[in-house]
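Read the structure below first, then the notes.
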Amino acid sequence: MKMVKKGDIIVIIVSLVLLVLCIGFCLLIKKDGIYVVIKEDNKTVYSGSLFKDDTIKLKHNTVKIKNGQAYMLCADCKNQICVNTGKISNSGETIVCLPNKVIVEIE
C-alpha cells in the first residue's frame, strides 16, 4: 500500500483552490444580455432588444421574447430539445434547433 506524500496533498489543495477560483470567476463575468439574434438557415431573420416583448414566427418554429428572456415557444421538430431548453437571458447563451436549422442567441 502506498502512502500519500506531502507533495501529493499540496498538489490536491492547489488544484481545488484553482478550481474554486475558476468557478467564481465564471460566475462573476456572467452578464445579462441586451440583444437577441435569431438565425434560420444561417441567415439572420431577427435582431432586436431582449427587453421588447415580441413573438417571431419562422417556417417551423416560434420564438417568444418576454420580460428580458427569449425561449422557443413551439417547434415542429420531432425531439423538442429546443423547446425544452427553457428561457435564456445571459450573454452567450443559445437555443439551437438542429432539424430546422434555427439558432437563438443572446448578445
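The values are calculated or read from the model by the stated rules, or taken from the named source; none is laboratory data. Please read all numbers here as calculations on a predicted model, not as lab measurements. Glycine gets a Cβ as well: all are built from the backbone with ideal geometry, and neighbour counts include every protein chain shown.
Going through region 42-61 one residue at a time, which ones are part of a loop (DSSP other than H, G, I, E, B) and within 14 Å of Val104 (Cβ to Cβ)?
Answer for region 42-61, where residues must be part of a loop (DSSP other than H, G, I, E, B) and within 14 Å of Val104 (Cβ to Cβ): Asn42, Leu50, Leu58, His60.
Taking Asp32 as the residue in question, decide whether it is within 30 Å of Asn61 (Cα to Cα) and either in contact with a helix residue (DSSP H, G or I) (Cβ under 9 Å, 6 or more places away or on another chain) or modelled with pLDDT under 85 (or both).
Here the answer is yes, as Asp32 does meet what is asked.
Return yes when Val83 is closer than 16 Å to Asn42 by Cα and assigned by TED's automatic domain parsing to the domain that holds Glu40 and no when it is not.
no
Can you tell me which residue in region 1-41 is nearest to Ile103 (Cα to Cα), limited to those that are small (Gly, Ala, Ser) and assigned to a helix (DSSP H, G or I)?
Only one residue tops the list, namely Gly24.
Where the second residue is acidic (Asp, Glu) and exposed (fewer than 15 other Cβ atoms within 10 Å of the Cβ) and the first is assigned by TED's automatic domain parsing to the domain that holds Tyr46 and lies in region 63-74, which pairs have Cβ atoms under 7 Å and are six or more apart or on separate chains?
From region 63-74, the pairs are Ile65/Asp53; Ile65/Asp54; Lys66/Asp53.
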